[in-house]
Amino acid sequence: MSLRTHISGWLQISSTKKAIIQNLLWSIAGKVVSMLSGLLVGIIVARYLGPEHYGLLNYVISYVFLFMTFASFGLDAIEIREEARQQVPYTTVIGTAFGLKAAFGLLFMVLVIATSWAMEADGYTTLLVAIYSLTIVLNSFSVVRNYFTAIVKNKYIVQAEISRTLIGIVIKIALLLMHASLTWFLAAYMFDFLLLASGYCISYRSQIGSMRQWRFDPEYARFLLRESFPLLLTNAAVIVYQRIDQVMIGQMIDNRSVGYFAVASRFVELLAFIPIMLAQTITPVLVRIREEDSHNHTNRYSAKSQQFMNLSLWLSIFISAVTSAIAYWLIRYTFGTAYLPAVAVLQIMAFKTASVALSNTAGTMLVTEGLQRFAILRDGFGCIVCVALNYILLPRYGIVAAAFVAIASNVAAGYLADAFIPAYRHLFVSQTKALLFGWHDIIHLKSVIANK
């Protein structure tokens, strides 16, 4: 008997939950490989480039990422939801979403270069932005990843992502041995997106079929745009208060400070993947449970979504506390003594993982319940809090202030705002229950998983 079969029998779970757990394990495996290899390469690159050049690298990546969010137009969550519902042929959903993303990608690629040229004092930074802006168009192929997520088969896209990661490592190590400049390293990070897009296409052709079957439907495109537009505004606000800090640090302080903040953020982004991964895996399941409730006149969705929130939040709180406690050793023995100013930032920002879990689980529920049209109110509030507090506190307290602001922005948008939006007040109640009593599900984890 295999280990997986033994565990499944011990938990006494259904075949549906087995598929979910397998999907989750593949996501974890892919992320672990990406985390370890990405962190290793990041450490080597950061040590090689030094805080100032490493800060400029991350400034460019963060700047382009702001525009990539607009190019995605909030379509990812809607695409997964529609494919999970299976009310429209998946070839139409994928083809239409891809067409929209590609068109917006070209538009915002031009815009990111133009705005950088208008804002930056030196042409070198604009050159770097132009090189990395190609990722905006390449990100259109994320429609393939979304489809595999919707059908709970992450195995194949994870294999593509692992292959991309390993090839990317070889390229970056080769650049290190060649003593390449910052420009070549940024081009290598852009090339990662090309490798990933190619891997997605290969996985789709081998497991699903020809991409030539994708069909762009103008009428369905209008439907997707109507559904996703509130999420565009929401995602834009989220990315602003998740990424604008590094851009503001670069503009208001210096690139060296961006380098310190980026080092701490790198650990936090890896940790924040856990609640995000849980949300992506659970979303199709919650959609189906809610559909079954409407047909069978049951109310399983409420209990399952609350359990999902409890587990995600308290697992993240535990991870945040451990990371904060070992922050000095993490920085000292990875990025080196040159980056020790990042320790204080990491000790604070580690708890951003818990705030992401609290916000992201509620965000998953509002998409599942079709309430995304009000999401801009909550995330707009977080965006205002982030920009205002950074503008006031950054010049006086530096990057430590930015760490506190990162957490405050998440809490403001993902929790406090829900109390003042009538359509989201039930989310605020669920989040409060999770904060006060969610630890109970962690203690009784086996019974929660085994419960059918």
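The values are calculated or read from the model by the stated rules, or taken from the named source; none is laboratory data. Quantities reported herein were computed from a predicted structural model and do not represent experimental measurements. Heads up, the Cβs are rebuilt from the backbone with ideal geometry, glycines too, and the neighbour counts pull from every protein chain shown. Remember, those area values only see protein heavy atoms, side chains included, never the ligands or the DNA or RNA. Shrake-Rupley method; radii C 1.70, N 1.55, O 1.52, S 1.80 Å.
Would it be correct to say that Glu219 is part of a helix (DSSP H, G or I) and closer than 24 Å to Ile276 by Cβ?
The answer is no for Glu219.
Condition check ((1) more than 25 Å from Val429 (Cβ to Cβ); (2) open to solvent by less than 30 Å² (accessible area, probe 1.4 Å); (3) of a type outside the set (Phe, Trp, Tyr)) across all residues:
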| site | (1), (2), (3) |
| --- | --- |
| Phe267 | yes, yes, no |
| Val285 | no, yes, yes |
| Val322 | yes, no, yes |
| Ala344 | yes, no, yes |
| Ala350 | yes, yes, yes |
Output the residues belonging to region 389-441 that are closer than 17 Å to Ser316 by Cα, without any contact (Cβ under 8 Å) to a residue 60 or more places away in the chain and of a type in the set (Gly, Ala, Ser). Ala408, Gly414
Which of the residues belonging to region 364-388 are open to solvent by 50 Å² or more (accessible area, probe 1.4 Å), touching a residue at least 24 places away in the same chain (Cβ under 8 Å) and over 21 Å from Ser228 (Cβ atoms)? Val387
Yes or no: region 312-326 includes at least one residue that is touching a Gly at 6+ places or on another chain (Cβ under 8 Å) and part of a helix (DSSP H, G or I). yes
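Before we move on, is Thr135 surrounded by fewer than 22 Cβ atoms within 10 Å (Cβ to Cβ) and not basic (Lys, Arg)?
Details: surrounded by fewer than 22 Cβ atoms within 10 Å (Cβ to Cβ): no; not basic (Lys, Arg): yes.
No: the conditions fail for Thr135.
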Scanning region 253-265 residue by residue, the ones that are among the aliphatic types (A, V, I, L, M) and either surrounded by fewer than 24 Cβ atoms within 10 Å (Cβ to Cβ) or without any contact (Cβ under 8 Å) to a residue 12 or more places away in the chain (or both) total 1
Only residues that are surrounded by fewer than 20 Cβ atoms within 10 Å (Cβ to Cβ) and under 22 Å from the mean Cα position of the chain (by Cα): list them for region 198-229, please. Ser198, Cys201, Leu225, Phe229
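Assess whether Leu315 counts as being aliphatic (A, V, I, L, M) and either open to solvent by less than 30 Å² (accessible area, probe 1.4 Å) or within 26 Å of Met248 (Cβ to Cβ) (or both).
On the way: aliphatic (A, V, I, L, M): yes; either open to solvent by less than 30 Å² (accessible area, probe 1.4 Å) or within 26 Å of Met248 (Cβ to Cβ) (or both): no.
For Leu315, the condition - aliphatic (A, V, I, L, M) and either open to solvent by less than 30 Å² (accessible area, probe 1.4 Å) or within 26 Å of Met248 (Cβ to Cβ) (or both) - is not met.
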Please indicate, with yes or no, whether at least one residue in region 364-383 is under 27 Å from Glu291 (Cβ atoms), modelled with pLDDT of 80 or more and of a type outside the set (A, V, I, L, M). yes
Anything in region 392-422 that is open to solvent by 20 Å² or more (accessible area, probe 1.4 Å) and more than 25 Å from the chain's Cα centre (by Cα)? List them, or say none. Ile392, Leu393, Pro395, Arg396, Tyr397, Phe420, Pro422
